[in-house]
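For reference, the structure discussed in these notes is given below.
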């Protein structure tokens, strides 16, 4: 799904999470942010998951987005082996409407933060990655800041049009 | 805390979990089951945690008990790197009464089970370990089965005495 | 559903629980573990239920798996009359998404543990039974340990393949 | 606690439930209803508990009140072995504010009802027993109906006095 | 819906509650208990509701069953104007799965009990009414006690048949 | 507590609600709004409660504020017998943190609204009454609108001072 | 949707809220209350939203109704910039059944009240606006009070008819 | 609280949030990140709040941290008027254990993300800000990445020491 050197690693616990998580990919695409997307399961591929997190920064990734459901350990475990900001997306499963996923992701102990977005809120995960990259002091950031301002104006225009 | 070759590995995410988790140690002691107790944090010692889990079986451990609070990833992550039965104890923290811990431990995806006990139920974790060891077909099991039967009779006698 | 002398007793409160509980049977089958499956209702067959639990160990069963929904008393009541490890599966009913079943099963008082798995997590109940049998010091255990390791490798391979 | 032939059996899972449950006893005393109070634990005295329930009616009891906390199985199990009306009192424990007790008591399957009162609502359990006995067509009922009417007038007077 | 002089008043807040509440009517019919069924809304017919409750006993009713959803005030308000036992049935509406109904019914203040059954548990409300009538010391009670015993045996037979 | 002809009726289910509800009285006092305060229990004084609601408008009251806890029926029942706006204050009791009170007040059926404020939010109930009176087209309203604007400026000044 | 000078401003965070919110419009229409309806998003049109709230009173609006879902900030933010009474309608989204919307609207801090109605309870929001307008001391109020009394009688008649 | 040109704006809805929020300030101090701390209330200072958010980026801030309780609108409203990443800290108030704060902050609609941390998790908010600043491609980022690695090693050492 990525063309250039990816800046964002978009991972999920299972390919069944993709229908939720693809909204993050689309948001990254809209902002022209190169990313990679993978299934990296905390529970079925624990060593690869640890490895993925440990090497993320040196491979040039600057933000991780991790989606998972139920006892959602992927975002928090990645956050424990990388110094990159990790964005967690609670994926709702068949029962509990994602409340289990949300609490498993957001209630991290002091020392290891996960930037949690809403239940099923993968689009916002992509946008948050864009905001993070845009907050830097470099050329990409300048471009992204401009794009984010235009994005907000578009949101506004569309909402206003509906309200007219 | 252990004398002989430990059969149960009792681990917790933080030494602040000990006031809750020591009830597991006491139960194991009552049944004369050798165990070891350690702080093994999923989030602050992820590599050691993985290593602990991977070597648990070959080191002779036969059951793991893991207590953790909040986004409690320790029991599930251990379960993903060992074939031993892992018992999870949800530790209640300052808010939410342990509901976050419970859901983070019990809602594991298909493939990687955690045997979850009640919120703060470390004593039952110890007793469950005893039941598991007692279900085997060996000498220790015979002794433990007998002890468990006596234990149940004692529970019964004490409860009955109160009801008299 | 079983051929040899059953080692696992798989019971449920109602035959309407079977669509959920059969995943436990399938997991046991995959590991070649002999089991028996029965409807044993705590509320509609209380005496038979007590009797089932009391005789489980002497009949050669080594693990019980009990699924129930709502005010799910079956796992806990069985645990009170046997020294075998009892695995509880919260079955979700029409309302509350299984939260009532989960709390009714997991929140057992000190003295009588139930090894609780996720809401609707019958497959993990079967796998947990396999882990428990595999933790013993006998020939079946050796075989099961090997199977569990292969099982984990398969999980890993499948997850990795999706991530490729 | 009772003088005459008891009409109400007041039982609880543990003597630690007494500080909550004694309000039921006091209510019964206020109405002059003979009762017996016992610890009858579903989990630590399962056979005695079953026995208690089975013989309750023939011993002359006409209503059972059962209090329990956590995975509160006592009211429902008693209801499964007696045809008497069983009143359940959810006792709040250290965590979850009694929500686990409430759901474990009230969410009974079709066929086996438990008349559940509020969390910690033992006084109302006593009053409900009085209402049940008062709904009969006998002399005790006549007296109780009169007492209940006076009780309601007193409630009213006290509330009105505060409002003056 | 009733033939003889009704002993049970079955009321609900809205006729949209009937699909849930008719299971109570069916249970009463199975036991040959005469009843009347009405829509009596606490919020849309407050004066009639009060009046219904106040006259229930003198009209010969011996038990009230009241179903309501959301902010379910009907059972509690009836209980405040009658000395009869009132059984409350929480009806689940479009959101919250009946948790609002349950809490609005069960959490009554000391002095005014409501015998609450499970969410949507109208059948059990009917059975509880039968148990209450059967606990009296009269001829109807004798017949009902016998019927309840047979009912329990049937439940048992059916459950056992499934387990065979 | 009132001097002139009261415009707001401030009622509560029990005088134990006063520590929470007095903040409403204080807010009304700050705005110079005449009010009366009473205990009017839906469950212990049902007829007086109905009567209070029915006569509220003709007695000159223009807004009702009703606080109650647990199965909090007072605000909704008052709303069913008056055409005045009724403001409901969920009072937290010993368990459940007021969640039962909130749901019992806010989840009213279509046709009978209650203007619900936050759990324990009696001060806001008083302020909402002021806003309602201020939205009218009369002299009191003009004065109150001015007072509300000053109140908002004060909130702002105090908050800003803390932020300086 | 309005003909005369609007007295009620009916706003919502998104036009996807309209299927829920139109019931408020219908209620206002039934009472002949002029209103305006707009999409005013707190998050996508923050400045316009603030502006809408600040000018609402001077434009002649006397009540605001605001519906929003999820982290529903619209009602509370409007309440912070107007002295008008603001009625909040929690709109249920795909997960959590509107519990997030409810808490985000009702749990306002002291100083800034929102009159919250039930989840999805837009019809009651319209009726509450009518009650508020009817509580004033002017001609519209007289007419509305009369209409509200007739409305209550109709509710009663319809409910009674069903109960007949 | 800041010396150099602040990079992080740390704001809270009320100075009563400071006991929770100061842990964010301490974390920023540990990493030598200049920040400013202010009370900026969404509800009592709405215009200043909007203004704060709109000017944050041009004033040189690169990350905002916002803490709020109850109907916690501050983080989401700031996120709607800035393109900076906004970190939200749910502050627990007297009731509901911060669940209302969490849902009000995390459940943001698509388009306006808030990076939410755990209930009361202000320390993690500070650490997340450090991670975000460290993910940039500049000198500060290099230094911070190094500091974050040392921080993780310290966490590890301390945890390991406890486990020794």
> Which of the following residues is within 13 Å of chain H (Cβ to nearest Cβ) and either under 23 Å from residue C:117 (Cβ atoms) or in contact (Cβ under 8 Å) with a residue 24 or more places away in the chain (or both): B:60, B:76, B:69, B:53?
Replying inline: B:69
> Restricting the stretch G:58-75 to residues that are farther than 25 Å from residue G:5 by Cα and out of contact with any strand residue (DSSP E or B) (no Cβ under 7 Å at 6 or more places or on another chain), which is surrounded by the most Cβ atoms within 10 Å (Cβ to Cβ)?
Replying inline: G:73
> Scanning the stretch C:112-121 for residues that are more than 7 Å from chain B (Cβ to nearest Cβ) and more than 17 Å from residue A:96 (Cβ to Cβ), which turns out nearest to the chain's Cα centre (by Cα)?
Replying inline: C:114
> Looking only at the stretch F:85-100, which residues are surrounded by fewer than 24 Cβ atoms within 10 Å (Cβ to Cβ) and touching a residue at least 60 places away in the same chain (Cβ under 8 Å)?
Replying inline: F:92
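Quick one: how many residues across the stretch E:79-99 are in contact with a helix residue (DSSP H, G or I) (Cβ under 6 Å, 6 or more places away or on another chain) and over 13 Å from residue E:116 (Cα atoms)?
The qualifying residues number 9.
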> If a residue has to be surrounded by fewer than 20 Cβ atoms within 10 Å (Cβ to Cβ), at the interface with chain E (Cβ under 10 Å from one of its Cβ atoms) and not in a helix (DSSP H, G or I) to count, how many in the stretch D:123-164 make the cut?
Replying inline: 2
> Do we find a residue being within 13 Å of chain B (Cβ to nearest Cβ) and either more than 18 Å from residue D:112 (Cβ to Cβ) or touching a residue at least 12 places away in the same chain (Cβ under 8 Å) (or both) anywhere in the stretch D:22-35?
Replying inline: no
> With respect to residue A:11, is the statement that it is crowded, with 24+ Cβ neighbours inside 10 Å and within 30 Å of residue G:96 (Cα to Cα) true?
Replying inline: yes
>> Against the condition within 16 Å of the chain's Cα centre (by Cα) and farther than 25 Å from residue D:89 by Cβ, how does residue E:23 come out, does it pass?
In response: yes
>> Tell me yes or no: at least one residue of the stretch E:101-108 is crowded, with 24+ Cβ neighbours inside 10 Å, within 30 Å of residue C:18 (Cβ to Cβ) and either within 10 Å of chain D (Cβ to nearest Cβ) or at pLDDT 95 or above (or both).
In response: yes
>> When you scan the stretch H:19-30, do you find a residue that is buried (at least 23 other Cβ atoms within 10 Å of the Cβ) and within 27 Å of residue G:81 (Cα to Cα), even just one?
In response: yes
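The values are calculated or read from the model by the stated rules, or taken from the named source; none is laboratory data. Keep in mind the model is a prediction, meaning the values are calculated, not measured. Using ideal geometry, Cβ is built from the backbone for each residue, glycine included, and neighbour counts are taken over all protein chains shown.
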